[in-house]
1. Would you mind checking the radius of gyration and Dmax of chain A based on alpha-carbon positions, in Å?
2. Cα-based Rg (one decimal) and Dmax (whole number) for region B:43-88, in Å?
3. Give the Cα extents of chain B along the principal axes, in whole Å, largest first.
4. So what's the protein assembly as shown giving for Rg/Rh, alpha carbon basis, Kirkwood Rh from the mean inverse pair distance?
5. Among the aspartates and glutamates, which fall within straight-line cross-link reach of residue B:16, defined as a Cα-Cα distance under 12 Å, with same-chain neighbours fewer than 8 residues apart omitted?
6. In nm, to one decimal, how far is the modelled label at residue B:14 from the one at residue B:110, with both set 7 Å along Cα→Cβ?
7. With Cβ to Cβ distances under 12 Å as the rule, what net charge do the other residues near residue A:108 carry (K, R +1; D, E -1)?
Amino acid sequence: DAMVIQNPRYQVTQFGKPVTLSCSQTLNHNVMYWYQQKSSQAPKLLFHYYDKDFNNEADTPDNFQSRRPNTSFCFLDIRSPGLGDAAMYLCATSRGDRGAWKGYTFGSGTRLTVV
Amino acid sequence: AQKVTQAQTEISVVEKEDVTLDCVYETRDTTYYLFWYKQPPSGELVFLIRRNSFDEQNEISGRYSWNFQKSTSSFNFTITASQVVDSAVYFCALSEDTGGFKTIFGAGTRLFVKA
């Protein structure tokens, strides 16, 4: 089945130690997103790739970076994780030229713990 | 500015009861899209429905139904004869035609269905 896969499901990292989360998709969707969801809160968009074009949200901290080496893969890099970065990180994809109007397909998420 | 409000933080019902989850939105766009997503304990958000602003027809899918009313800027979700498996967090979301690839999520409503 076509899907969005996130690895790992759970990640524990040390305060200040760089960490990378990965996302892959078999849907051939041209747009990939990273959302941050803190406990009991709504998902918050960090950035997205439209094909190879990177689009950062204005309030996304510089500590968060992303790479998309090809259509299928997208990575979220947290350069120096702080305790406040502990959250569920959700990868999503969508297909469309105009926007997110068709809705997303989400991965299962990676729950990040910072110790 | 766009905004999605889910006033109900938590709802608890007994199995077989009907339950309605409320969603009120704000947007200046005339073309926009509304969504409902389900987030079970496993974490991934599952797409349930999309509605565009020009289609106010109510929709029924099995035990799920949606009531879209532009006059009150509401897009409410009803589960008929609730089941324990319906226990999850439900998010209402908005994507504007001029908003590019950004989707705004409400804070979510946590539904507990007790046996």
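What follows draws every value from the coordinates through simple rules; no lab data is involved. This one's a predicted model, so the numbers in the text were calculated from it and none came from an experiment. Positions of Cβ are backbone-derived with ideal geometry, glycine not excepted, and every protein chain shown enters the neighbour counts.
1. Over chain A's Cα set, Rg and Dmax evaluate to 13.3, 40 Å.
2. 12.0, 34
3. 44, 27, 21
4. Taking Rg over the Kirkwood Rh, I get 0.97.
5. Straight-distance partners of residue B:16: B:86.
6. 2.3 nm
7. +1
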